[in-house]
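See structure below.
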Amino acid sequence: MAETKVPTVVVDDLHVVYRVHGPGAAASPAAGLRRLVTGKPSAAIREVHAVRGVTLVAYEGEAIGIVGTNGSGKSTLLQAIAGLLPAARGQVYTRGQPSLLGINAALMPDVSGDRNAVLGCLAMGMSRADARRAVPDILAFSGINERGDFGTLPMRTYSAGMAARLRFAIASAKPHEVLLIDEALATGDARFRARSEERVRELRATAGTVILVSHQLRSIRDTCERTIWIESGRLRLDGPTDEVLAAYESFSR
Amino acid sequence: MRETAVAPEPGDLHDLATRFGLRPAGVRPRLTDYARQVWEYRHFTTSHANAKTISTLGGTRLGQLWQVLTPLANAAVYYLIFGIVLGTRGDVGNFLAYLCTGVFVFAFTQSVVQQATQAVSGNLGLIRSLRFPRACLPLSVVLTQVKALAGAMIVLIGIIRLTGEPPRVGWLLALPALALQCVFSAGLAMVMARLGAALPDLKQVVPFITRAWMYGSGVLYATSAFDAHLPPGLAAAAHANPMLVYIELVRGALLTGVPLASPGWQLWLLAAGWALVAGVGGLVYFWHGERSYGRG
């Protein structure tokens, strides 16, 4: 069986630990001084062991949904597959460079939408000429100009849905061997959702693999035939979407 | 429950991945490949730098005009304090032009160092969503400052003309000097970007370091002060200071009758040497940490 299917992503016992700098419990100057004297690590830097030993293989032409409750490590897993977060243990193997499309992936908020589109295209490795050619299509697909000329306004003025649509439009402007989508389809309105699901199907047809993280079980049911359920950083179930979602729904109820 | 997936056996996965030519994610490329990637992403770097300039000055009414107004205001303040109030002119005839050259040339590297400290830590969103060689970020900082430097140089030429210097072909010698300074600053930017990514406290300290560096670089006073006030060993060290070297080269190119800190050939040699050491060293140092950026 394994010989007939071509793998595009292999995740081998992956662990991801990331550091969070935040306001710690002891933020007073005296506490800072005490830390300096005693040499204890700052309480403001905490380690989060977000993915704990996930193993999976994704194949060409597959669309895989990932479900799990908030904070279960889904987004971190995608970031690690994209090579954006280093693995603490284990290894991820991919064909080509996977592209991650995330809802909280800030491009540059103070810069206009069309400039962000150029920037995104260049970052995906397009040439300058290709990027310029792609921008009108991106703006048209995202539909942000449907209510006036929003393409030339800074992205911070966009609503969450508009920004997510633009990000999805940028990432899907180029065929990817592996496209990772993090909640991006959930924020758009119904019309955009239908359009983007259509685009996901196109991307799959061009021999790519799509991995979709979403809390919208309907959009996973519509686009993915295989689903993975992650809980507390561990893989809980991996199988056909109907069965996994049924188990997940009875768990989260 | 694994009908669609082939149950993976631990240990077999490495074989499976290599058999189908999959590559490990997030592995650092070889240095030569990395340098080539950085070059291939040059359009990304320039467009990131442009976007950054637009977004920092976009909120102001005068916009890009500040590229010229900022150095002008800087020069006015320093001239007032050091030229008129304190009188540090020494034996320099055209002290206003002398001072402005120092201030503008130093300000370029100073801003690069300051902003590069946050080039990685301030762009985590971009780093965590897009895959590109991270060295593009400190290099983009250098490009934004090259623009500011161009503005400053226009102001400087104006000041030099107004203070009675005739236009000369020799002015063009400032260009290779500034080019070497750019390479030096780019190397420094990559070092600071990696340090700043690991040490968030650094950005609080950097302004003091750069200010101390400025006071030691003969920006605000005539460089003859080194030999007059320092013991010989320290004076020799002061003459090797890369910032002093670049400032003196630009002064030598733009101003006539200015006493230079060291002979010209020595300055050019030092300028090229510093650019080489910092440029190559900075790239190697930054490349070495490539996998760690984005972890937080």
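Each value in this text was obtained by applying a stated rule to the coordinates, not by laboratory testing. Quick caveat: nothing in here was measured; it's all calculated off a predicted structure. Neighbour counts are summed over all protein chains in view; Cβ atoms, including those assigned to glycine, are modelled from backbone coordinates with ideal geometry.
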- For segment B:214-220, in order, what is each residue's ³J(HN,Hα) by Karplus, 6.51 cos²θ - 1.76 cosθ + 1.60 with θ = phi - 60°, in whole Hz (x at glycine and Pro)? 5, 4, x, 9, x, 7, 9
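Ranked from highest to lowest mean number of other Cβ atoms within 10 Å per residue, what is the order of the peptides A:8-16, B:109-117?
On the way: A:8-16: 22.8, B:109-117: 24.3.
Output ranking for A:8-16, B:109-117: B:109-117, A:8-16.
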- Expressed as cubic angstrom per residue, what is the convex hull volume of the alpha carbon set of the protein assembly as shown? 190
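Sequence gap at least 6, Cα distance under 8 Å: using those rules, report the relative contact order of segment A:58-252 to the nearest whole percent.
Values: 320 pairs, mean separation 66.0, N = 195.
For segment A:58-252, the relative contact order is 34 percent.
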- Packing-based exposure ordering (other Cβ within 10 Å, fewest first) of A:THR241, B:THR70, B:THR223, B:THR60: B:THR60, B:THR70, A:THR241, B:THR223
- Query: What distance in nm separates the simple spin-label points at B:ASP201 and B:VAL77, each placed 7 Å from Cα in the Cβ direction?
  - Reply: 2.8
- Query: Cα axis of helix B:174-198 to longest principal axis of chain B: angle in degrees, 0 to 90, nearest 10?
  - Reply: 50
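Within 10 Å of each Cβ of B:126-139, how many other protein chain Cβ atoms are there on average?
Counting Cβ atoms of other protein chains within 10 Å of each residue's Cβ and averaging gives 5.
Restrict the search to segment B:136-224; then list the trypsin sites (Lys or Arg not before Pro) that DSSP places in a loop and that have at most 16 other Cβ atoms within 10 Å of their Cβ. Could the numbers behind the result be given before it?
On the way: sites: B:LYS147, B:ARG161, B:ARG168, B:ARG194, B:LYS203, B:ARG211; in loops: B:ARG168.
Answer by residue number: B:ARG168.
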- With the 8 Å Cα cutoff and a minimum separation of six or more residues, segment B:136-288 has a relative contact order in percent of 40
- Message: If you take each beta carbon of peptide A:108-117 and count the beta carbons of other chains within 10 angstrom, what is the mean?
- Response: 4
- Query: Could you state the per residue volume, in Å³, of the convex hull enclosing the Cα atoms of chain A?
  - Reply: 161
- What is the average number of partner chain Cβ atoms found within 10 Å of a Cβ in A:136-145? 0
- Give the angle, between 0 and 90 degrees and rounded to the nearest 10, that separates the Cα long axis of helix B:264-288 from the longest principal axis of the Cα atoms of chain B. 20
- Order by neighbour count: B:HIS288, A:HIS176, B:HIS14, fewest other Cβ atoms within 10 Å first, most last. B:HIS288, B:HIS14, A:HIS176
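Relative contact order (percent) for chain B, with alpha-carbon contacts under 8 angstrom and 6 or more residues of separation?
28
For segment A:134-227, compute the orientation-averaged projected area of the C-alpha convex hull (one quarter of its surface), in nm². Kindly include the intermediate steps, with their values, before the conclusion.
Values: hull surface 23.9 nm².
With the hull built on Cα positions only, its mean projection is 6.0 nm².
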- Task: May I have the extent of the alpha carbons of segment B:175-217 along their three principal axes, as whole Å values ordered from largest to smallest?
- Result: 35, 24, 9
- Query: Could you work out the helix-only [θ] at 222 nm for chain A, with each DSSP H run of four or more residues adding -39,500 (n - 2.57) and the total divided by the number of residues, to the nearest 500 deg cm²/dmol?
  - Reply: -11000 deg cm²/dmol
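For A:SER142, B:SER262, which order do you get if you count the other beta carbons within 10 Å of each Cβ and list the fewest first? Don't skip to the end; give the middle numbers.
Details: A:SER142 29, B:SER262 16.
Fewest-to-most ranking of A:SER142, B:SER262: B:SER262, A:SER142.
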- Angle between chain B longest axis and helix B:136-162 axis [Cα atoms, degrees, rounded to 10]: 20
- Task: Report, for the protein assembly as shown, the % of DSSP beta bridges that are antiparallel, rounded to 5.
- Result: 60
